[in-house]
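For reference, the structure is listed below as structure tokens.
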């Protein structure tokens, strides 16, 4: 039998992180490689109560097929939460998705023709690279720095390559942990305003700020151009796979068609349990607990890095989220560091998968959300030993 | 702002059924339009027990992110069930999906280039037409009759249009309710064997047989060519959106990449609840209840049709599943019948959306799974009145 596969599937990189994670299944390895929220913070008792109450009160209603748009009352809850933050997004403009990842797939489906240009951050979120690769877009990476995306290069890229989509994670970016400053956001907004481009603002970590002040969403600055992605995975639990897209009416119409064709609708039972949980509990108090824990763990990681890493290794200092980014001296391959680190039982994700068409990069991602402060110190000390040997 | 949408999304028909269903929200309308399983048969108490037990015993384990392939033990359960039916499908060859609909999307992603030929039944399942339309395939519809697909036309179609995919629902087809005879399956298998084509055998209703004998799966006849889709939606509950694809290794590898890019993984909590339910209950006894109920409702519909419909209206006599198909005299538009039927407070789905590029067809789909026998008689009587007026 000959090759039967589509051209598009051969363009998609297999998840590098999944391969990395296999190495870390060994329980003696301290892993900064994952991207998991801390399970100790999952509201287990509250989810138990919400599930039992829901099945008792709504019974078979929550077991049947449901609507492609998602459960109305959950969309209204999301709309109301945006309103509290001063953002005006109607429930009609919210589509419930199977996590943010599906939001990316639906956007690829509805927007991208083969060869269309997509602006992406460098380093950028691997899941977005995978999702858009399926639709055979051409990526134009623009570097991010501590205060946001490189405005000069963004301007040049946009004029040289009229793009249909720009993808960004302005709050506590995955993988780098950096955030766009207010000024940087305004400059991006100015560049995009009036152009025929959609800015995909992926915001899974926005609520997890432990330092500094909230910055304005692109949805506030350029609502017509912005598609906003959100998720309950990082603030409640991930296993239900419940996220959402917020977009203007004409985009929403197309997204709903794509959603129908993709999976009819998102797991309805999970939507109802999440809503029950949100109604019966104080989500702000819960998020505060996550912020405190992640803030503590981030501080442990930053101070251990200062103590144990050679000075030539640069690091970001995130104000929220789950990740921190290391830049090694030029020419040092993070992949080589990884191989040595595994021998000392510590793991991370080498930067490679976060770039389009670059390998053996000198950057790496560290996750601090899923490991406690003590373990973080031990792991960073081990990694420091490796780096000192290699940097010399 | 100019048009920003992809060409592919403009090719996909908006779900006609969704529009139809809006008309039937009026509770005084007897609806044969939906495609829902009967909620009276949902195992609510058992799901309650399974959920509580799972959260008690596995706790936070079931709230975290999980693997793209799906929960291993659930895949093993599915594999074992196939083995009981004499089919050899390893758990490694099973991918858990967000319902069968996602299986179709993943197959489109991994197999279809723009312009690739897809053989589809006529009438065919609307969800498949939508899913493959996204990938801009060319459809080649082949008619189905009471005993299966038209073999002569299938042979001619395959030689004129080398297709990469053939999609079929050989058991109690949606929309027609017909099943492929064993002989017909063997003829199809012979035509496909050795060709570079995948047969997508969609089997959501296979377990719901209330008459006759089980027929061999294409997976038994031509395993190398067959991709088998299954679902818990019709035999347990639909709201969790848990289905699966079974395929050979090299296809599976590509499907997993597509799955990662599409939504990372299927709702893990739902997978675990379903498995807990399957472990603690006798699924065969439960399926027997569904079979009996649907068989009774099907009998009520067939006998009411014999009593109330004019002789010129032909009908299929399904041996299982949820649907029955009416063929009106040539030239009579089912869409026109629908408009009159709604006035008499009875609804169905006109055949139009089940054809590629045909409208005002003289066929229609009736669902008997979600309405009790007494209501079926009343609804069919009303529809008979409409038909008698229009056929004269």
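Every read-out reported here was derived from the displayed coordinates using simple, explicitly stated rules and does not represent laboratory data. Since the structure is predicted, the reported quantities are computational estimates derived from the model, not experimental observations. For neighbour counting, all protein chains shown are included, and Cβ atoms are generated from backbone atoms with ideal geometry for every residue, glycine included.
Kirkwood Rh over Cα pairs of the range A:1-109 into Stokes-Einstein at 37 °C, 0.692 mPa s: D in µm²/s?
After rounding, the answer is 174 µm²/s.
Specify whether the C-alpha gyration tensor of the range B:53-152 places it in the rounded, prolate or oblate class, a ≥ b ≥ c being the square roots of the eigenvalues: rounded for a/c under 1.5, otherwise prolate if a/b is larger than b/c and oblate if not.
Here the range B:53-152 falls in the prolate category.
Can you compute the equivalent ellipsoid semi-axes for the range A:127-194, i.e. the square root of 5 times each eigenvalue of the Cα gyration tensor, sorted largest first and rounded to whole Å?
Equivalent ellipsoid of the range A:127-194: 19, 17, 10 Å, largest first.
What residue of chain A sits with its beta carbon nearest the rotation axis taking A to B, and at what distance in whole Å?
Residue with the nearest Cβ, plus whole-Å distance, for chain A: A:267, 2.
For the range B:44-280, what value does the Rg/Rh ratio take when both radii are computed over Cα atoms and Rh is the Kirkwood radius, given to two decimals?
Taking Rg over the Kirkwood Rh, I get 0.98.
Evaluate the protein assembly as shown: find the radius of gyration of its Cα atoms, find its Kirkwood radius, and give the ratio Rg to Rh.
We get a ratio of 0.99 for the protein assembly as shown.
Please sort B:99-105, B:343-349 by packing, taking for each peptide the average over its residues of neighbouring beta carbons within 10 angstrom, highest first.
The peptides rank, most packed first, as B:99-105, B:343-349.
Arrange B:182, B:97, A:51 by Cβ neighbour counts within 10 Å, fewest through most, would you?
Ascending Cβ contact count within 10 Å gives the list B:182, A:51, B:97.
Indicate, rounded to the nearest 5 percent, the antiparallel portion of the DSSP beta bridges found entirely in the protein assembly as shown.
Expressed as a percentage, antiparallel bridges in the protein assembly as shown total about 50.
Could you give, in nm with one decimal, how far residue A:311 is from each other copy of that position, shortest first, with labels 7 Å out from Cα toward Cβ?
Taking the point 7 Å beyond Cα along Cα→Cβ, the inter-copy spacings are 10.2 nm.
Enumerate the residues in the range A:31-62 having an amide nitrogen under 17 Å from the point lying 7 Å beyond the Cα of residue B:27 toward its Cβ.
A:58-62
Which of the three applies to the range A:248-313, rounded, prolate or oblate, going by the alpha-carbon gyration tensor with a ≥ b ≥ c and a/c under 1.5 meaning rounded?
Cα axes put the range A:248-313 in the oblate bin.
By count of other Cβ within 10 Å, fewest leading, how are B:265, A:145 ordered?
Ordered by Cβ neighbours within 10 Å, fewest first: A:145, B:265.
Just how far, in whole angstrom, is the range A:329-348 from the range A:114-187 if you go by their alpha carbon centroids?
27
Quick check: the distance between the Cα centres of the range B:283-311 and the range B:213-234, to the nearest angstrom?
24
Label position 7 Å from Cα toward Cβ: report the copy-to-copy distances for residue A:146 in nm, one decimal, ordered from shortest.
8.0
To the nearest 0.05, how large is the calculated FRET efficiency for residue A:147 and residue B:114 if R₀ is 35 Å and r is the Cβ-Cβ distance?
E(calc), rounded to 0.05, equals 0.25.
Once the piece of chain linking residue A:3 and residue A:306 is laid out straight, how much longer is it, given 0.36 nm per residue of separation minus the C-alpha distance between them?
Taking residue A:3 through residue A:306 to full extension adds about 103.9 nm, to one decimal.
Students often get this wrong: which residues of the range B:90-121 have the backbone nitrogen under 14 Å from the point 7 angstrom along Cα-to-C-beta of residue A:10?
Hits in the range B:90-121 for residue A:10 at 14 Å: B:110-114.
What's the exposure ranking of A:118, A:251, going from fewest to most Cβ atoms within 10 Å?
Exposure proxy ranking, most exposed first: A:251, A:118.
Report, in deg cm²/dmol and to the nearest 500, the calculated mean residue ellipticity at 222 nm for the protein assembly as shown, where each DSSP H run with n ≥ 4 adds -39500 (n - 2.57) and the sum is divided by the residue count.
-13500 deg cm²/dmol, from helical runs alone.
For residue A:81, place a label point 7 Å out from Cα along the Cα→Cβ vector, do the same in each other copy, and report the separations in nm, one decimal, smallest first.
3.4
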